[in-house]
Amino acid sequence: MLAQLEALHPDDLRVIFRHFPLLSIHDKASLAGQASEAAGAQGKFWPMYDILFERWDEWVDLSPDAFRGWLSIAAIELDLDIDKFNDDLAVGRYSALMEEAFTAALSSGLTGTPAIFLNDELFPLAPELPVLEAFVRLEIHENRQFAAYPPMKLSAGSDLIVRLHLNIGEIVIQLYPDSAPLAVNSFLFLQNEGWFDGNGFIRVIEDVLAETGDPSGTGFGDPGYHYQLEIDPRLDFGEVGMVAITNSGSDSNGSKFFITLRPLPELDGQHTIFGRVIDGLELLSSLEKRDPLDDILEPPQAFIKTVSVESR
């Protein structure tokens, strides 16, 4: 699983192995760790690691002495310098390292294996690939966030058109800067920063709405700042194609936004409406159901290639 995760993020993720030999429980835990280190001294740590785990059933019931013989055969299979390998085990060259690793793991609060740390923080959830993928993406996402809401640069009476250039076509949106100045100003700032480029429509509720605006693709990514809800009583969700900010409360507006695919009057007064689709809505109506976490390992059907803004 970790190899899969590393393959997904070759430029962003480095996997570091930490020993946790359960010395008080397993009679060969220290020896197995020493063998991987002895192989590592010859550039073969991971090949020895793989053999130990993949062929665990061959040696788990052996005595420690018999296990040494098994390790020698494994070292030969890996084309190691067998004399050096056997000598490292015989003199206990890495025995103290196993003791230190055991003590360090206990002091970290660990009670068993396996355990995963992400940027030195103990991973709190079940180590499943979709969940780990989400956490890694959010860690990477933090480097893109901003410290504060951007300066207000909207001009009074602005007439703005946004074009979402998708992989499947183009969606044209009329913005409402007079009704939602904070939302529109934030959108324009993020668009200028390239925030939306590459964003997928990560949440699709068929015949209800489609959501995008989160570069992490997890459904939890935000620009690092939030701003308050803006409600214009002249606008509501009585029509299709309304463009509104996703939120989790009155002061939690960020970068995620959704486009309605049918009238949703139950949302009136709960979300900031900052625009309306005037062309291309049918592109979203063709999308299949998608949940950002359940489908995180699958690429979205539709994504934003670029965003352009026009003043009229």
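Quick notes on this structure:
- In the range 214-235, the residues that are touching a residue at least 40 places away in the same chain (Cβ under 8 Å) and polar (S, T, N, Q) reach residues that are in a loop (DSSP other than H, G, I, E, B) and crowded, with 19+ Cβ neighbours inside 10 Å with C-beta atoms within less than 6 angstrom, at least six apart or across chains, in these pairs: Thr218/Pro292.
- Some residue of the range 72-83 being touching a residue at least 24 places away in the same chain (Cβ under 8 Å) and polar (S, T, N, Q): no
- The selection criterion, being assigned by TED's automatic domain parsing to the domain that holds Ala105 and assigned to a loop (DSSP other than H, G, I, E, B), holds for Ser24.
- Filtered residue count, the range 145-169, keeping only those that are more than 15 Å from Gln191 (Cβ to Cβ) and either small (Gly, Ala, Ser) or in contact with a Leu (Cβ under 7 Å, 6 or more places away or on another chain) (or both): 7
- Scoring Pro150 on the criteria (1) over 24 Å from the mean Cα position of the chain (by Cα); (2) not in a loop (DSSP other than H, G, I, E, B) leaves a single failure, condition (2).
- Options Ile273, Ile296, Ile278: the member that is more than 20 Å from Leu160 (Cβ to Cβ), in contact (Cβ under 8 Å) with a residue 60 or more places away in the chain and hydrophobic (A, V, I, L, M, F, W, C): Ile296
- Single residue of the range 127-168 satisfying the filter (among the hydroxyl-bearing types (Ser, Thr, Tyr) and either touching a residue at least 24 places away in the same chain (Cβ under 8 Å) or surrounded by 14 or more Cβ atoms within 10 Å (Cβ to Cβ) (or both)) that is nearest to Arg14 (Cα to Cα): Tyr149
- The range 204-259 - residue that is among the aromatic types (Phe, Trp, Tyr) and touching a Ser or Thr at 6+ places or on another chain (Cβ under 9 Å) and, of those, surrounded by the fewest Cβ atoms within 10 Å (Cβ to Cβ): Tyr225
The values are calculated or read from the model by the stated rules, or taken from the named source; none is laboratory data. Only a predicted model underlies this, so the values are computations on that prediction, with no experimental measurement involved. With ideal geometry, Cβ positions are generated from the backbone for all residues, glycine too; neighbour counts draw on all protein chains shown.
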